[in-house]
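Each remark here refers to the structure printed beneath this line.
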Amino acid sequence: MTPQATRRDRLRERMAAHDCTALLITDLSDVRYFCGFSGSNAAMVVTVDEALLATDGRYVTQAGNEAPDVELVVTRNLVVELLMAVRDRGISHVGFDAAALTVAAWRRAGDDVPGIELLPVKVAASSLRQVKDPAEIEALTEACEISTRALGRLLEDLRPGMPEIEIARRLELLMGLEGAPDRSFDSIVAGGPHSAIPHHQPTMRPIAAGDLLKIDFGAMYDGYHADCTRTFVVAAEPQDWQLQIHDVVARAQQAGIDALAPGVLTSAVDRAARSVIEEAGLADFFGHGLGHGVGLDIHEVPFLGPTSPNTVEAGVPLTVEPGIYLPDRGGVRIEDTMLVLETGVQILTDFPRELTRVG
């Protein structure tokens, strides 16, 4: 049995608990998780004893290779054709995730496929992806190792005067050369005052001596996303204020890591890290959550924030990424992707965290 078939069996158990005999899946990450297909146009239906994948003619060969154990429906009208196939099997009620299907698509399907009632259900298929199996952990580990190898190579080339955008593109090239088919997300390279912008988009601004340089990036491997942030000083010894905020962020991250354990509320993990920043009198300069899960999406459950309702589980990869951002001066963020174990954590983006001089 393939990992995807095992996952579908777990999904059927959850469907049965909600009296759902057929479930329409339209989120592409969920499609990949439950059948293996990684194309950009797809939907699927899981019933009590079958799985049907719909995609268009561009992907017939790919679908056959990646999802050989599901029935393939070749069409551009994904949802309608799937519902018609289900209706032909005598099924009249199909559940769907309301967060993954537009109102327009839902209404169109109801008009085009009489005899089928398409109903929102709380099966929460995506939440089954939270705890990763060994194959997923292997892919995620490789993504993280590619990322840190690429960062190490990048630091050898950094020089004052290089534009942020050039640094970002060099890093992405290096991730490709290290074996990543793609980046996880738009790389953030932020120098000087730009480093105080949490999600700055790289510009033509050249990095300069004395700048804080914040780099937030990650490689994607076999569909799984790495996420890592390091902050450096460009061509100068760190100033006292830079050392101060870096030290606070480093201690906050360690406090968050130390708080991670199965059964702990994610809000409590956030509180452990945030309290370090508050005690330093810098609470006003940390305005985002502490972290998030990673996997087939760059942001997955669980989310680590002040009001997050999630609970930490073993086998879940997530980030811990506190930051301090001083407007018009500079900012520091330190972020790692890590795997929660039964006891402790395993850091997957293992790279020095000190405030290192580069260039």
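The values are calculated or read from the model by the stated rules, or taken from the named source; none is laboratory data. Just so you know, these numbers come straight off a predicted model, no measurement behind them. FYI the Cβ positions are ideal-geometry reconstructions off the backbone, even for glycines, and counts take in every protein chain you see.
Scanning the stretch 171-188 for residues that are hydrophobic (A, V, I, L, M, F, W, C) and within 16 Å of the chain's Cα centre (by Cα) yields Ala180, Phe185, Ile188.
May I ask you to say which residue of Asp247, Asp270 is surrounded by fewer than 18 Cβ atoms within 10 Å (Cβ to Cβ) and either under 21 Å from the mean Cα position of the chain (by Cα) or at negative phi (or both)? Reasoning before the result, please.
On the way: Asp270 fails: surrounded by fewer than 18 Cβ atoms within 10 Å (Cβ to Cβ).
Going through Asp247, Asp270 in turn, just one is surrounded by fewer than 18 Cβ atoms within 10 Å (Cβ to Cβ) and either under 21 Å from the mean Cα position of the chain (by Cα) or at negative phi (or both): Asp247.
On the stretch given as the stretch 203-220, residues that are without any contact (Cβ under 8 Å) to a residue 60 or more places away in the chain and either crowded, with 21+ Cβ neighbours inside 10 Å or assigned to a strand (DSSP E or B) (or both) total 1.
When you look at Gly161, is it surrounded by fewer than 21 Cβ atoms within 10 Å (Cβ to Cβ), over 24 Å from Met338 (Cα atoms) and out of contact with any Cys (no Cβ under 9 Å at 6 or more places or on another chain), yes or no? The answer is yes for Gly161. Just to be sure before I move on: is Ala16 among the small types (Gly, Ala, Ser), in a helix (DSSP H, G or I), touching a helix residue (DSSP H, G or I) at 6+ places or on another chain (Cβ under 9 Å) and in the same structural domain as Thr102 (by TED's automatic domain parsing) in the structure I sent? Spelling it out, it is not the case that Ala16 is among the small types (Gly, Ala, Ser), in a helix (DSSP H, G or I), touching a helix residue (DSSP H, G or I) at 6+ places or on another chain (Cβ under 9 Å) and in the same structural domain as Thr102 (by TED's automatic domain parsing).
Restricting to the stretch 164-183, name every residue that is among the hydrophobic types (A, V, I, L, M, F, W, C) and loosely packed, with under 15 Cβ neighbours inside 10 Å. Talk me through it step by step, then tell me what you get.
Residues of the stretch 164-183 that are among the hydrophobic types (A, V, I, L, M, F, W, C), as a first pass: 165, 167-168, 171, 173-175, 177, 180.
Of everything in the stretch 164-183, those that are among the hydrophobic types (A, V, I, L, M, F, W, C) and loosely packed, with under 15 Cβ neighbours inside 10 Å turn out to be Leu173, Leu177.
Please pick out the residue among Thr47, Thr26 that is under 19 Å from the mean Cα position of the chain (by Cα) and in contact (Cβ under 8 Å) with a residue 24 or more places away in the chain. Exactly one of Thr47, Thr26 is under 19 Å from the mean Cα position of the chain (by Cα) and in contact (Cβ under 8 Å) with a residue 24 or more places away in the chain, namely Thr26. The set of residues from the stretch 96-152 being free of Cβ contacts under 8 Å to residues at least 12 places away in the same chain, assigned to a helix (DSSP H, G or I) and more than 21 Å from the chain's Cα centre (by Cα) comprises Val103, Ala104, Arg107, Gly110, Asp111. Examine the stretch 286-308 for a residue that is in contact (Cβ under 8 Å) with a residue 40 or more places away in the chain, assigned to a strand (DSSP E or B) and farther than 24 Å from Ile197 by Cα, and state whether such a residue exists. Yes - at least one qualifying residue is present in the stretch 286-308. Restricting attention to the stretch 325-359, the residues being assigned to a strand (DSSP E or B) and either touching an Asp or Glu at 6+ places or on another chain (Cβ under 6 Å) or in contact (Cβ under 8 Å) with a residue 24 or more places away in the chain (or both) number 16.
Quick one: in the stretch 29-44, of everything that is closer than 12 Å to Ala100 by Cα and not in a strand (DSSP E or B), which residue is farthest from the chain's Cα centre (by Cα)?
Initially, the stretch 29-44 is screened for residues closer than 12 Å to Ala100 by Cα, giving 29-31, 43.
Remaining after also requiring not in a strand (DSSP E or B): 29-31.
Details: Ser29: 11, Asp30: 13, Val31: 16 Å.
So, considering only residues that are closer than 12 Å to Ala100 by Cα and not in a strand (DSSP E or B), the one farthest from the chain's Cα centre (by Cα) is Val31.
Is it the case that Asp336 is of a type in the set (Asp, Glu), buried (at least 24 other Cβ atoms within 10 Å of the Cβ), in the same structural domain as His200 (by TED's automatic domain parsing) and at pLDDT 95 or above? Talk me through it step by step, then tell me what you get.
Values: of a type in the set (Asp, Glu): yes; buried (at least 24 other Cβ atoms within 10 Å of the Cβ): yes; in the same structural domain as His200 (by TED's automatic domain parsing): yes; at pLDDT 95 or above: yes.
In short, yes.
What do you reckon, is Val73 part of a strand (DSSP E or B) and either out of contact with any helix residue (DSSP H, G or I) (no Cβ under 8 Å at 6 or more places or on another chain) or assigned by TED's automatic domain parsing to the domain that holds Leu28 (or both)? In short, yes.
From the list His299, His292, the lone residue that is modelled with pLDDT of 95 or more, out of contact with any Gly (no Cβ under 7 Å at 6 or more places or on another chain), of a type outside the set (Ser, Thr, Tyr) and crowded, with 20+ Cβ neighbours inside 10 Å is His292.
Working carefully through the options Val86, Val45, Val94, Val70, find the one that is buried (at least 21 other Cβ atoms within 10 Å of the Cβ) and within 28 Å of Gly293 (Cα to Cα).
Values: Val86 fails: within 28 Å of Gly293 (Cα to Cα); Val94 fails: within 28 Å of Gly293 (Cα to Cα); Val70 fails: within 28 Å of Gly293 (Cα to Cα).
Testing whether each residue is buried (at least 21 other Cβ atoms within 10 Å of the Cβ) and within 28 Å of Gly293 (Cα to Cα) leaves just Val45.
A residue that is part of a helix (DSSP H, G or I), surrounded by fewer than 23 Cβ atoms within 10 Å (Cβ to Cβ) and at pLDDT 95 or above occurs nowhere in the stretch 221-234.
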